[in-house]
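First up is the structure itself, then whatever we jot down about it.
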Amino acid sequence: MNPTLIWDMTLSWGRRFRDRSTLPRLRAAGYGVVGLTIGSDQSAEARREAEAGIAFVTDWIAAHPAGYLLVRTADDARRARRDGMLGIELNFQGIGPLEGRVEMLRYFHELGVRHIGLVWNDVNLAGCSATRGEDTGLTSHGKALIHEMERVGIMVDGAHASYRTVMDAIAVSTKPFIVSHANVAALADGYKNLKDDQIVACAATGGVIGISGLGTYLDDLRATPEAMFRQIDHVTQLVGVAHVGLGLDYVTDIPAFWTLVSEKPEIWPASDGGPMPRSAFFEPEGVHELRERLERAGYSAADVVAPADSATSSSRNVVLRTLP
């Protein structure tokens, strides 16, 4: 049993990036909870693909009941870590699986979805993406989604959203708002990296920002633990350790990801509009070196990796408090 809780809020788990080795790898590396993205705006059959992703996860857990647990509540996350299991939290990047219907939120909540990004890499019914286009902010449909998400118990996620969409969504939210995977604009000029006032506004809701491990959005294409440290330290110095965590946005097949980027460069442009530069991803096992780097900088053990049953104000517990 590992009595500490390492929570990675985002792992791509769509059909193209789903395998049978990454979840055991995360469990072996000591992670307590991982957020699997099983739905997005990417497909014309987004609902069907999300349901298939949920079925895969459900079958996986049924086949490995001693090793994995679907996280529906804060107590589930604590139980997973206490019993040495990997907790699995389900999420969407974009609202495609909802098929334009607010009432679908209840359906997917019952299936286990616990956070939803309002947009992905293009404008949708909820708002604007940071990727490109005019920033007109959150729509009336987006506001309705936030109200219903908060009512049924789904966290609202601002990852990938435009500046105005994020700020509008935070203004509408009455519960902790998360940005599940993002980096800091003050350190790296990534189009979807957060400005300091967005970080402050997110923290003011009681929310948390998960630092992404893609080197393109760090200040080092090698995606080193040192680069991750700089991101975490910036957010901590700005708003406190309670509001920063991990959202590595790792992919299980890195060559396939870069192939996809080359096939659809309009989805992942560089900040200057040119092709996105290839970079490394921060490897999940690097979290232990990152922890050592944080501790050398003076972070306490409680700041870096919170006890699973702790009531301390760590980022892990900020996320826990947003769950039912």
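The values are calculated or read from the model by the stated rules, or taken from the named source; none is laboratory data. What you are looking at is a predicted structure, and each value in this text was computed from that prediction instead of being measured. Note that each Cβ is placed from the backbone with ideal geometry, even for glycine, and that neighbours are counted across all protein chains shown. Accessible surface areas use protein heavy atoms only, side chains included; no ligands, DNA or RNA. Shrake-Rupley method; radii C 1.70, N 1.55, O 1.52, S 1.80 Å.
Filtering Glu99, Glu103 for residues that are surrounded by fewer than 20 Cβ atoms within 10 Å (Cβ to Cβ) and over 19 Å from Ala52 (Cβ atoms) leaves a single hit, Glu103. If you filter region 118-130 down to residues that are farther than 19 Å from Ile178 by Cα and either modelled with pLDDT under 95 or among the basic types (Lys, Arg) (or both), you find that the one that is least open to solvent (accessible area, probe 1.4 Å) is Asp122.
When residues in region 47-79 are screened for being over 19 Å from Val152 (Cβ atoms) and not in a loop (DSSP other than H, G, I, E, B), 17 of them pass.
Answer with yes or no whether Gly87 is open to solvent by less than 60 Å² (accessible area, probe 1.4 Å), within 29 Å of Thr58 (Cα to Cα) and not in a loop (DSSP other than H, G, I, E, B).
On the way: open to solvent by less than 60 Å² (accessible area, probe 1.4 Å): yes; within 29 Å of Thr58 (Cα to Cα): yes; not in a loop (DSSP other than H, G, I, E, B): yes.
Yes; evaluated as a whole, the condition is true for this residue.
Looking only at region 176-191, filter to residues that are buried (at least 24 other Cβ atoms within 10 Å of the Cβ) and under 18 Å from Thr131 (Cα atoms); which one of those is farthest from the chain's Cα centre (by Cα)? Once the filter is applied, the top-ranked residue is Val184.
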